[in-house]
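The structure appears below as structure tokens.
Each reported figure results from applying straightforward, stated rules to the coordinates on display, with no laboratory input. Being a predicted model, the structure only gives us computed values, none of them experimental. No Cβ is skipped: glycine too gets one built from the backbone with ideal geometry, and neighbour counts run over all protein chains shown.
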Amino acid sequence: MGVNLQILGLQAIPRLAKKFNLDFEDCLTYSDLYGIPPEEFRKACDKFEKIFSCFIKETNISWWDVFFNSDIGMERIALVRDIGLEKDDMVLDVGCGRGYFTIAAARLSEAVIGLDLMNGRGRYGWWRNFKETLAELNLKHKVLGLKADAQIIPMSDCSVQKVVAVHCIRNFQNRQIIRNAIREMYRVLSKDGEIIIVENILMARNKSQEAHLALYKCRCKYIRDDLFYFSQEELRKMLKEAELREVHVKIVDYNLSAAPPIFYLNTSILKKEQIKEAREEYTEAIDMVKKYGETSPPALIIKATKHLK
């Protein structure tokens, strides 16, 4: 099973263990993954996979049970509901990653195209995970994986009814690429179709969200594989610059660990003068996660409808 469902399993196991009245106090928990080196992370996941495979076999639960009981799965299902996908929609999921939203969207809509370039750091094997997940969940007949750059989508003008980008634009390298991708998403959108962008915003309503922001800020500052969260005003400005109009905005706060900023601080890639400060910030953020837990900050759902002249 791909690492994606291992992680979902780690999130889901407390709820599933309670459901089946099983004691998992001595088992690896999701919080154990924060702050450990990559090699230990891999070993921990391998160990958990063996335990969880037995758990699945003995209790006869499905991978849908795992998905529905994980924070990531619950958040994506909630987003499908709040976005308003319908059963006859053809959906393009831009920046699909491992396919978490793709899976949720496929349960309700007619068909989903998951588009991603998958060439970022640490993304080796993600397409394989994507395909394995679809097979496990019996969704291969409803989902197509498309390897492509969001700035050059290989689809015709006005060819898809809903274009969504969920937790993905902060993975782009800069704001110009974001604007280019949004314009391209708008190009392939059909008349009266909707473009929908979902991004967490720079806001914390409790300590666990503060812990998430502290750790993610550290990741963006020192690892630099993502852009940090935008404010609501910044997101709306970028959409305006991409020439989108009639924008509708909604803030949702599920308070789930739906985009966990798990990473290990490798100081060998830092400048010498950065190392002390980076270690202090990373340790402080990890301590916050251990004390308060970690949940994603509120997310902004932005919708724009395409009206052709």
How big is the dipole moment of the chain about its Cα centre under a simple scheme where the beta carbon of each Lys and Arg is +1, that of each Asp and Glu is -1, and everything else is neutral? Debye, nearest 20, please.
580 debye
So how far apart, in nm, are the two label points at R183 and I251 if each is 7 Å from Cα heading toward Cβ?
3.1 nm
Shape of the chain, Cα gyration tensor, a/c cut at 1.5
oblate
Under the rule rounded for a/c under 1.5, else prolate if a/b exceeds b/c, else oblate, using alpha carbon gyration tensor axes a ≥ b ≥ c, the range 8-120 is classed as oblate
At most 14 other Cβ atoms within 10 Å and a DSSP loop assignment: could you name the trypsin sites (Lys or Arg not before Pro) in the range 201-300 that fit?
R205, R224, R245, K271
K217 paired with W127, simple spin-label distance in nm, labels 7 Å along Cα-to-beta-carbon
3.8 nm
Please give every one of the lysines within straight-line cross-link reach of K140, meaning a C-alpha to C-alpha distance under 26 Å, and leave out same-chain neighbours fewer than 8 residues apart.
K50, K57, K87, K131, K162
What is the calculated FRET efficiency for D149 to T305, with r their C-beta to C-beta distance and R₀ = 25 Å, to the nearest 0.05?
0.50
Tell me what the chain gives for mean residue ellipticity at 222 nm when only DSSP H runs of n ≥ 4 count, each as -39,500 (n - 2.57), the sum divided by the residue total, rounded to 500 deg cm²/dmol.
-14000 deg cm²/dmol
Whole Å is fine, so just give me how far the alpha carbon centre of the range 149-209 lies from that of the range 24-78.
29 Å
